[in-house]
Amino acid sequence: MRFILCGSSARKLKRQGVNTLGGRALPVHLYPLVSAELQDFDLFKAVNQGMLPRHYLTDANTAWKRMQAYVAVYLKEEIKAESLVRNLQSFNRFMEIAALTDGEMVNYSNIASDCGVDSKTVKEYFSILQDTLVGFMVPAYAHVKKRKLRQAPKFYYMDVAIPNYLLNKRNLQPG
């Protein structure tokens, strides 16, 4: 369970052992919008601008600038300022590779090879993305519990616009 405070660093709060008002507050997870929340849902707008309310409800250029600021502030404030990563360039490359494999089974060795770091570092990088609420892992599912699990988890960025931005995919059209 996580308590999310808007404008606060989730990792910093966790590290400092902040009293999250246990027993007096309910944990709330804030996610991007879903199509049912919008009267005139536009799939192509959602893919290009994302489903974060301020991004979806604005024009395409403003949404792109907001995503640029979101990623820049995330890298600068969350990662660099807290010294979570020694080599910011390798973490930036990792975020791009994670965007390429968004929604696929995670292969730590292949990602590590593409980033030029070891697989242990890649696991830590995924942990950072999860701790800062930028993405999440979906564990592998096995119907039979007795067998050895052979599947890998899948990683998803919390909004489709993040991998599109990281891969410089702009103005995606059908086909």
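No lab work stands behind these numbers, since they all come straight from the coordinates. As the structure is a prediction and not an experimental result, all values here were calculated from the model. Every residue, glycine as well, gets a Cβ built from its backbone with ideal geometry; the counts of neighbours run over all protein chains shown.
For ALA152 paired with LYS123, estimate the spin-label separation in nm (one decimal), with each label point 7 Å from Cα along the Cα-to-Cβ line.
1.3 nm
What would the Debye formula give as log10 I(q)/I(0) at q = 0.19 Å⁻¹ for the alpha-carbon point model of the stretch 31-166, no solvent?
With one equal scatterer per Cα and no solvent, log10 I(q)/I(0) is -1.11.
Label ASP40 and ASN107 with points 7 Å out from Cα along Cα→Cβ: what is the distance between them in nm?
4.4 nm
Do you know the Lys pair count in the stretch 45-133 for C-alpha distances under 29 Å, with sequence separation 8 or more or different chains?
Close lysine pairs under the 29 Å cut-off: 8.
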